[in-house]
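The values are calculated or read from the model by the stated rules, or taken from the named source; none is laboratory data. It should be emphasised that the depicted structure is a prediction, and the values quoted were computed from it without experimental measurement. Every residue, glycine as well, gets a Cβ built from its backbone with ideal geometry; the counts of neighbours run over all protein chains shown. The protein model used for the area step is the full one, side chains on, heavy atoms only, and it has no ligands, DNA or RNA in it. Shrake-Rupley method; radii C 1.70, N 1.55, O 1.52, S 1.80 Å.
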Amino acid sequence: MEGVGREHDSSVALPVEDFVAAKDTTILSTKPTRRYPLASWVAILALATLVGVYIFSLSLKQNGMLFGLRQTNMIEKEREQPCHHPGVPETETPYVHFPTPNTYSRKECACTPVRFFAILSMQRSGSGWFETLLNSHENISSNGEIFSVKDRRSNVTAITQTLDKLYNLDWVSSAAKNECTAAVGLKWMLNQGLMKHHQEIAEYFNRRGVSLIFLLRRNLLQRHVSILANDYDRNTKQLNGTHKAHVHHRGQADVLAQYKPTIDTKSLIAELKRSDKLAADGLVGFKKIRSIVLYYEDVVSNHTKLTDVLDFLKLPNMKLSSRHVKIHTKRLRDHIDNWTDVSNTLNGTQYQSFLNG
């Protein structure tokens, strides 16, 4: 009976020693699950980092896609307009637009076609004067040197967002016409982010049907003199303490023309080559975009060139005018202090003809 009782007792409860041993075994068996080797922690951390980077990249991609979608929607919104001009040749269709501004209604002019353009030029090449001529046309709005503000050209996204606002007729400037504007554009210098991002910008121009007006200067020495004179006035402010890049009175022009720069002949040829190359690169970089090429000297001497521009933009011909007064009107030799040195430097070079300006 005692043997049977002991067996019965052992089946009901473990001896104290056995219980302690079992508890210790349990404790020992759970400790490895609470400690990970250093390599495991490194692997987990690396995995978490990769997941974070992947999620961030997806977010950036989605934002880019959303921006692209907004651009596409803007173009599609324009195309959905119930406007149709049977007289427009099929080849001209990509350049005829019917924008729908977000800030106002075009009302009865909603179906007035709008041409998009950009004046591509270089500083001191007559672009300011030329733009005022275009803006004297009742149907043209050229909105100035928009990308002189660095933030607007900081990257491709900033550039395209600015252009979208302009070509959607939502850009506010003194040049903005009424809702019946038939041509809208801007003046853009080649060194204001244009060549830095020329591939993306050319693609944008092509996609949006933007036409280009190149305005260049044949005589780069005259342009160089104008740059030096303008820089001098920016520092000295000769007209009552105010810098004037352009003037509207002959008296003001005569004051500015009194300054005769001394040209650094050691760097002159290199500077002319740099300017020449920038203009050539601009023509090549945008050669696949519908464009017209003008030279300042030709526009000054032959006003029929302005008629060519209006025909290019498919706008009615009318007399264009500007209040700008030309500053340097004398022979080039009369506007350079060290003319003899400059002449000796350029004679016998590819730029010799510039001396005849």
key: Links that overshoot a 31 Å alpha carbon limit, given the list Lys165/Lys260; Lys150/Lys244; Lys266/Lys330   = Lys165/Lys260
query = Which three lengths, in whole Å and largest first, does the range 266-327 cover when its Cα atoms are put on their principal axes?
reply = 47, 36, 16
task = Would you kindly state how much longer the chain becomes between Asn240 and Asp264 on full extension, computed as 0.36 nm times their sequence separation minus their alpha carbon distance, in nm to one decimal?
result = 5.8 nm
ask   = Could you give the semi-axes, largest first, of the ellipsoid that matches the range 90-243, computed as the square roots of 5 times the alpha carbon gyration tensor eigenvalues and rounded to whole Å?
value = 29, 18, 15
task = On the protein heavy atoms, probe 1.4 angstrom, tell me the percent of accessible surface of the range 94-355 carried by carbon and sulfur.
result = 47
key: the range 94-355: C-alpha pair distances exceeding 27 Å, %   = 42
key: Phi-based couplings in Hz for the range 295-304 (Karplus 6.51, -1.76, 1.60; Gly and Pro marked x)   = 10, 3, 4, 6, 5, 5, 8, 9, 6, 5
inquiry  = Which of the three applies to the range 202-357, rounded, prolate or oblate, going by the alpha-carbon gyration tensor with a ≥ b ≥ c and a/c under 1.5 meaning rounded?
reply    = oblate
key: Within-15-Å neighbourhood charge of Asp254 [Cβ basis; K, R +1; D, E -1]   = +3
